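Trainee: Structure provided below as structure tokens; questions to follow.
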Amino acid sequence: MMTQKIGIGRAHSKIILIGEHSVVYGYSAIALPLKNIEVVCQVQASDQALEIDISDPLSTAVFAALEFLDKSDEKISVEIESNVPAKRGMGSSAAVAIAAIRAVFDYFDQSLSLPDLEMLANQAEIIAHENPSGLDAKTCLSDTAIKFIRNLGFSEMAMDLGAYLVIADTGIHGHTREAVSKVRSLEEKALPYLHRLGNLASTIEIGLLAKDLLVVGQAMNRAHDELNHLGVSSPEANHLVQVAKNQGALGAKMSGGGLGGCIIALCQNQEQAESLVSALEKEGAVNTWIENL
């Protein structure tokens, strides 16, 4: 009896360290790959054709890969196992797209270059999200931090802080589009906050290069305050940020588009990170992760 061919693809998630909202106005953003938070996709033969749902990143990614390989008529089934929660600013749709594309290519024994993978992932993201910056796909494909400046593009940043980042999920869907239009509606009133956020991104970059945890942590705290004043944080995120600060985190802030989603907190060592995780879970975080920086 022949064993059935299974194609397998994997991808990791990402989180924004700094640059939410101000990135739209030309300042830099820094995103971190979360290498321990993964999506795995399996592709196998099926007796019926896959239905394409253009609002679903999985199906748009599979369709893009099949079309690229000139195999749009092949009958396959696709299964996803994901540890990346959707709509939390963790790059779920990009990670799903990348894992799915890798699985399709693996199933057909086709080699896949990084530029082709990134192009196909962005194609799937554009169908699902209209106008993505490409930062999610770039970071979900990277093993190192990515800096992004609109109209200038991407660059890699070495990350070796000897510290830990705690990510905590508020349990509430982020609403990036709503948050972006909220900031836009403030017009000129938003500019001082965005300018300060842009400066804080530069401060964090300097702190990362100097491996100065205090500088990074203090800038994270200030960035959260600016984002909260812009009206894009949420009561749940503010509460978890306060819990992290009370527990001695070096810095804590909301991450991503806001109005829900996750918070991140910088910890000096693993012991502090683990103790913070249990405090955050007691205080309402529905999920937590620790990432070595």
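The values are calculated or read from the model by the stated rules, or taken from the named source; none is laboratory data. Not measured: the values here are computed from a predicted model. Here the Cβ is made from the backbone with ideal geometry for all residues, glycine too, and neighbour counts use every protein chain on show. Protein only, heavy atoms only, side chains kept; ligands, DNA and RNA dropped before computing areas. Shrake-Rupley method; radii C 1.70, N 1.55, O 1.52, S 1.80 Å.
Trainee: Which of (1) under 27 Å from Asp160 (Cβ atoms); (2) among the aliphatic types (A, V, I, L, M); (3) in a helix (DSSP H, G or I) does Ala265 not meet, given it meets every other one?
Mentor: So the condition that Ala265 fails would be (3).
Trainee: Being under 14 Å from Ser92 (Cα atoms) and either touching a strand residue (DSSP E or B) at 6+ places or on another chain (Cβ under 9 Å) or not in a strand (DSSP E or B) (or both) is true for just one of Glu20, Glu38, Glu51. Which residue is that?
Mentor: Unique residue meeting the criteria: Glu38.
Trainee: While we're on this one: Can you pull out the residues in segment 231-256 that are out of contact with any Gly (no Cβ under 7 Å at 6 or more places or on another chain) and of a type in the set (Ser, Thr, Tyr)?
Mentor: none
Trainee: Tell me, which residue of segment 194-225 that is among the acidic types (Asp, Glu) and farther than 14 Å from Ala252 by Cβ is surrounded by the most Cβ atoms within 10 Å (Cβ to Cβ)?
Mentor: Step by step, filter segment 194-225, then rank; the result is Glu205.
Trainee: OK, next. Quick one: which of Ile172, Ile167 is among the β-branched types (Val, Ile, Thr) and surrounded by fewer than 23 Cβ atoms within 10 Å (Cβ to Cβ)?
Mentor: Residue meeting the stated conditions: Ile172.
Yes or no, residue by residue, for (1) touching a Lys or Arg at 6+ places or on another chain (Cβ under 7 Å); (2) touching a residue at least 40 places away in the same chain (Cβ under 8 Å); (3) assigned to a helix (DSSP H, G or I):
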| position | (1), (2), (3) |
| --- | --- |
| Leu165 | no, yes, no |
| Ala168 | no, yes, no |
| Arg177 | no, yes, yes |
| Arg184 | no, no, yes |
| Ala190 | no, yes, yes |
| Gly198 | no, yes, yes |
| Ile204 | no, yes, yes |
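Trainee: Can you tell me which of Asp109, Asp116 is part of a helix (DSSP H, G or I), surrounded by fewer than 18 Cβ atoms within 10 Å (Cβ to Cβ) and at pLDDT 95 or above?
Mentor: None of the others qualify; the one that does is Asp116.
Trainee: Mind checking which residues of segment 239-261 are at pLDDT 95 or above, under 20 Å from Ala201 (Cα atoms) and within 21 Å of the chain's Cα centre (by Cα)?
Mentor: Within segment 239-261, Val241, Gly251, Ala252, Lys253, Met254, Ser255 meet the criteria.
Trainee: Still on this model: Please verify whether segment 127-137 includes one or more residues that are touching a Leu at 6+ places or on another chain (Cβ under 7 Å), closer than 27 Å to Gly26 by Cβ and at pLDDT 90 or above.
Mentor: no
Trainee: Among the residues of segment 4-57, write down those that are modelled with pLDDT under 90, under 18 Å from Asp106 (Cα atoms) and surrounded by 15 or more Cβ atoms within 10 Å (Cβ to Cβ).
Mentor: Leu50
Trainee: Another question, then. Residue by residue through segment 226-258, note down the ones that are part of a helix (DSSP H, G or I), free of Cβ contacts under 8 Å to residues at least 60 places away in the same chain and open to solvent by less than 10 Å² (accessible area, probe 1.4 Å).
Mentor: Val241
Trainee: Also, I was wondering about something else. Kindly indicate whether Leu280 is within 24 Å of His173 (Cβ to Cβ) and either open to solvent by 10 Å² or more (accessible area, probe 1.4 Å) or within 22 Å of the chain's Cα centre (by Cα) (or both).
Mentor: Against the criterion (within 24 Å of His173 (Cβ to Cβ) and either open to solvent by 10 Å² or more (accessible area, probe 1.4 Å) or within 22 Å of the chain's Cα centre (by Cα) (or both)), Leu280 qualifies.
Trainee: Now, a different point. Need pairs with beta-carbon distance below 7 Å; first residue hydroxyl-bearing (Ser, Thr, Tyr) and within segment 272-293, second part of a strand (DSSP E or B); sequence gap 6+ or separate chains.
Mentor: Correct list of pairs: Thr288/Val166; Thr288/Ile167; Thr288/Ala168.
Trainee: Are any residues in segment 123-161 of a type in the set (Phe, Trp, Tyr) and in contact (Cβ under 8 Å) with a residue 60 or more places away in the chain, and if so, which ones?
Mentor: Within segment 123-161, just Phe148 meets the criteria.
Trainee: To continue, here is another question. Among the residues of segment 145-167, write down those that are under 25 Å from Leu280 (Cβ atoms) and out of contact with any Phe, Trp or Tyr (no Cβ under 7 Å at 6 or more places or on another chain).
Mentor: Once the filter is applied, which keeps residues that are under 25 Å from Leu280 (Cβ atoms) and out of contact with any Phe, Trp or Tyr (no Cβ under 7 Å at 6 or more places or on another chain), segment 145-167 yields Ala145, Met159, Leu161, Gly162, Ala163, Tyr164, Leu165, Val166.
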